[in-house]
Structures are given as C-alpha cells and as structure tokens.
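Report on the following structure.
The values are calculated or read from the model by the stated rules, or taken from the named source; none is laboratory data. Nothing here was measured: the structure is a model prediction, and the numbers come from that model. As a convention, Cβ positions derive from the backbone with ideal geometry for all residues, glycine included, and neighbour counts pool all protein chains shown. Each accessible area value is taken on the protein alone, full model and side chains, heavy atoms only, with ligands, DNA and RNA left out. Shrake-Rupley method; radii C 1.70, N 1.55, O 1.52, S 1.80 Å.
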Amino acid sequence: MASLVAYDDSDSEADHEPTGSFNAATQLKDTCDMVKLRGQDVVSGAPDMMEGGTLPAKHGSREDPAGQRLPRARFWRSDPGSCPSQRLQWPGTEPRVTLPTSQPPPRPSLWTSHAPAGHVPLAAARFKQMQLSWGTYDLPEPSFRAQTKPKTPGKNGSSLQKKRHEDCVVPYTPKRLRQLQAFSADTGRRKDAGAKGSPAVRAPAPLCVASTVSEFIQPYLDTQYKETEISKRVLFFLRGHRGPVTSIQWCPVASQSHLFLSASMDKTFKVWNAVDSGSCLQTYFLHSEAVRAARWSPCGRRILSGGFDCALRLTDLETGTQLFSGETNFRVTALKFHPKDHSVFVCGGFSSEIKAWDIRTSKVVRSYKATVQQTLDILFLREGSEFLSSTDASSRDSADRTIIAWDFRSSASISNQIFHERYTCPSLALHPREPVFLAQTNGNYLALFSAVWPYRMSRRRRYEGHKVEGYAVGCECSPDGDLLVTGSADGRVLLYCFRTASRARTLSGHAQACVGTTFHPVLPSVLATCSWEGDIKIWH
C-alpha cells in the first residue's frame, strides 16, 4: 500500500535542474564558505586551513581557468525569507556566528548523534559554535563530508574518503519508520518498568485507620438510622485531583466512616478525612494509567483498585503493602466485592467477559461471558447468589442484553431480556430495604426494576429531570430508602422522593458533569458528589 507521505529521498538522474540553479550540497558548501569569510576564521588552527585563511581548492570548487577564485555567491537577498530551493528550507534569519573566547567543554552534537563513539566530524566541529535552525529536514548526504587537503587519487584515497563518508553521513530514516521505532522503544520501556516496578508506581506510606472515632460520628453510632435530611450547603470542597473523579465511596465501617475514597483519571486514588477536616490523608500512585474503579474492602482496612492499565491492586492501608496484584487482558471499569465471601471480587471492563478473582490464590475462579463489548457496571443482589451487569449492547427496537442477570456459582446467564428500551445503563443501584434496584439510563431517567426473577420494570414510576448525555452518571439510595440522588451532565445534583418519584431538591453542584453521588452511611444529612472537572464536594 502506498505511503500517505511522499518522501523525495534521492534525485533521479533524469531530472535536470535549470541553468543557474544549485543543488542542496552546493548550497550548503557555499554557505559554509560564506560564513567562513564573515566569521573571520571561526575555528582557528584547523588542520586543513591554508595560509591566508582560505580553504584549499577541491574538486568542484568555483575557480576560473586562470586560477583566480570567483567571488562568493550570496544565496539570500535583503528578504531573509527567500528560499532558493524548495527541497531545503533555510532559516528565516542569517546564522549568528559567535567567536569562541575560551575552549568550550565537549558536548554532544546533533550531527554526531549516529556516529561512532569518539568520532567528531570536522564539519560538526566547524558548526559547533553556530546556532542554526534547520527544522526537521534531513540534510543532503554530500554536505557533511570531511573537508581535507586534496590527495592524489588512488585506492588509498578512495577508501579513506569512503570510510569518512560512512562515519560522517547520518542515514535518512523515513518518518513512519522513526515513529515505529519510537513506539517500540516506549513499549519496551513499559514492559521493563512493569517487570521491575515502574518508577511512576510509588510505594504508599502506612495510613493509621484505627484512630479514634470522629466526634461528629460518635453520637450516631449507638442509635438507629432514622431519616435522611436533605443537604443544603457545602461543608468541604476537596481539591487535589488533576483529572476527572470517576469513583467515590465512604468507608463501609461505621466507626471509620469519616474516611473517604476517591479515584481519578489522573492515575491516582486518594483517602480523605471528609468529616472532620476535609484534608487528604494519603495519595496512592499504584497505576500507570487512569484509575477507573476503586472500592473499600468490607473490613475497611484495604482498598481494591483497577484501571486502564489492566492492573488490579489490593492495598493494605496500615502497612502500605500490596496484598494482591493481578493483570487482566482488558481495561477495568467496574469492581465489586462479594457481599458474603469477602475474599472474592468480580471485575469487568472493555471486554465481553466478567471475571471473578480469589484474593487468597490470586487466580480467576469463574468467568462470565456474553456477546457484548463492554461492561459498564456490576451489582450484587441479595445474599450474593446472583448479580447484574449492565453492558453497551443495544439494538434498534429493544436493548437486548443491556442488563444481564447471572448466577454467581454456575456462571450461567439467568436472563438477558430485562430492559426493553433502546438505551444503555451506565450505573446500577440497589434499594437498601425493598427488593428493587435502579438503573441509570441514557434516556435521561432512572428506571425501577424488581430484584427478583423475572426482574420486571415498573411502568408507573420513573425519575426524570436530569441529563446523562453519555457520561457514567452514578445514582444511589439513601440508607433509609426514602431518597434517591443522582448527578447530571449539566453539573446539577437532584434528589427524588422514592415513593412519589417527585423531585425533593436540586443542588447547583458543579461547573461540569456530576458523575458520582453517595450518601454518608451514618450521618443523616451528609452527601458527597464529584464531577468531571476533578473536584469533590461534601454537602451538609
């Protein structure tokens, strides 16, 4: 297949230049001579300089038959932007010549980057003090031949010239080949970094999670959660991520629920004290690509993370060590712990397959495969015997396989005809008290489904008023089940009454899309939201 970029690597013998034009080699050679006369012996004491400060006559030099040297030709006029040849673009300004005051220390030169070690061509030595901007053009081959005193023609002379020609000339490499070599080198460095431990992956410092209980949470620990209050104002504005925040979660242990986890596309996840001070306690650099999902372990002392680098990490907060490390063949976008067996978790992403891992053996114990391309979210149902997965599969008339119910133990598909509208569902949420679950749809509404077979969708109750617009906008129920909260692509935060599907309050939360919302598990009036611009707000 023909290349998209045409390179004129060599001159054809059939091409004849018009009278009065010069090739690139002659232009560079005459420019060197002109700069020599202007600089008044730039490089003093060169071995090939003759008395009088002139270069020796060479084959092809401009001399008349009488032996008198012709005046040097000047290739640029008063307009420095004029270009005598389209094949080589000359600098817009004349080269500046700097007279050396002292012997400069040796430094690498552009012209000798591909030459053998210890070899410095004479042409490079002449141009070392000149600041030339040749752009990205490859210079012609004859312009860097070493200028030496004329020798008698013979085998020795020809072999010496050939050797210097091989040492001094940088071979031309096509642009596509250069890009391929750079990509191969970058891939090799990544593989080596993955084998030895990438420099970007920093060992996290220990984090003391067994601290005293927050004074704000202490009064609510011994009482039953009664009613969720609607948040009105911002308590903390957490800034620290340099990319979109994709996942947020409070610590599931009630006594440690002042700890807050956030994952971001800036390749990090952070642990905050989002109740007492709003400060960042620790930042974890364990992934080389965006961290799409991060979850607290049910014990509250470990964090499971997965990202676009196809890596899975389980980090112990108290010691800072990695208890589990796994690699998948797809980018991870969804992670969930099994509600009963906390040593097992499921992960999905840019693949038609969902995998269940066992932390104790660091192996895949089950695999769930469907004819889809991507898994958007995963939700465990009661007791963990079944779970749901939302995918990107949709058709014109019905969204077949948009939501799939799986049997966890047998890896069999229970049903794939749950949602019959042609919208994908980027997130799922389970009601804490009733056997129903919610699905966020790209039709700009929340749909309500039964959590038992045959998983029928409610036609009477639908929560509308927000925008999704392709973002992975999250949704959640309050701990008492009376309120629903969802983000919006326009930055708003909307709260609905679960029973009536009416809107309870709208918060003007963020400047960009609000993609994550979660209620505090203990405090009745604390709500956390995150946005695509990278900020987190704690509402009270």
*Would you mind computing, in nm to one decimal, how far apart the modelled labels at Arg460 and Ser502 are, each placed 7 Å from Cα along Cα→Cβ?*
1.7
*Summarise the long-distance tail of P(r) for segment 415-474 by giving the % of C-alpha pairs beyond 14 Å.*
53
_How far apart, in nanometres, would the label points at His431 and Val364 be if each is projected 7 angstrom from Cα along the Cα-to-Cβ direction?_
3.6
*Multiply the residue gap between Ser450 and Glu327 by 0.36 nm, knock off their C-alpha separation, and tell me the result in nm, one decimal place.*
40.8 nm
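May I ask you to compute the full-extension gain from Thr173 to Ala412, defined as 0.36 nm times their residue separation minus their alpha-carbon distance, rounded to one decimal in nm? Walk me through the numbers on the way to the answer.
On the way: separation 239, 0.36 × 239 = 86.04 nm, distance 5.45 nm.
Gain in length upon complete extension: 80.6 nm.
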*Which of the listed residues, Leu448, Leu484, Leu494, is farthest toward the dipole's positive end in segment 388-500, when Lys, Arg count +1 and Asp, Glu count -1 at the beta-carbon?*
Leu448
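Keeping the other protein chains in place, figure out the carbon and sulfur percent of the accessible area of segment 257-344, with a 1.4 Å probe.
Numbers: 1220 of 2790 Å².
The value for segment 257-344 is 44 percent carbon and sulfur by accessible area.
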*What fraction, in whole percent, of alpha-carbon pairs in segment 299-453 exceed 27 Å separation?*
22
*asked:* Heavy atoms of the protein only, probe of 1.4 Å, neighbouring chains included. What is the accessible area of His420 in Å², nearest 10?
replied: 90
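Kindly provide the trypsin sites (Lys or Arg not before Pro) of segment 206-299 that DSSP labels as loop, not H, G, I, E or B, and whose Cβ sees at most 13 other Cβ atoms within 10 Å.
Lys226, Lys232, Arg233, Arg239, Arg242
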*asked:* Show me the three semi-axes of the equivalent ellipsoid for segment 268-346, from the C-alpha gyration tensor (sqrt of 5 times each eigenvalue), largest first, rounded to whole Å.
replied: 20, 16, 11
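Please calculate how many Å² of accessible area segment 369-470 carries per residue, with a 1.4 Å probe and no DNA, RNA or ligand atoms counted.
Details: 4890 Å² over 102 residues.
Heavy-atom SASA per residue in segment 369-470 reads 48 Å².
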*Whenever you get a sec, compute what percent of the accessible area on segment 376-464 sits on carbon and sulfur atoms (1.4 Å probe).*
42
*asked:* Using a 1.4 Å probe on the protein heavy atoms only, what accessible surface does Asp341 show? Give it in Å² to the nearest 10.
replied: 60
*Starting from the coordinates of the alpha-carbon atoms of segment 442-540, obtain the Kirkwood hydrodynamic radius over all distinct pairs and give the value in Å to one decimal.*
13.8
*With an 8 Å cut-off on Cα pairs and a minimum separation of 6 or more residues, tell me the relative contact order of segment 398-540 in percent.*
14
*Relative pair counts by distance (%), Cα atoms of segment 203-298, 5 Å bins*: 2, 12, 20, 23, 20, 12, 6, 3, 0
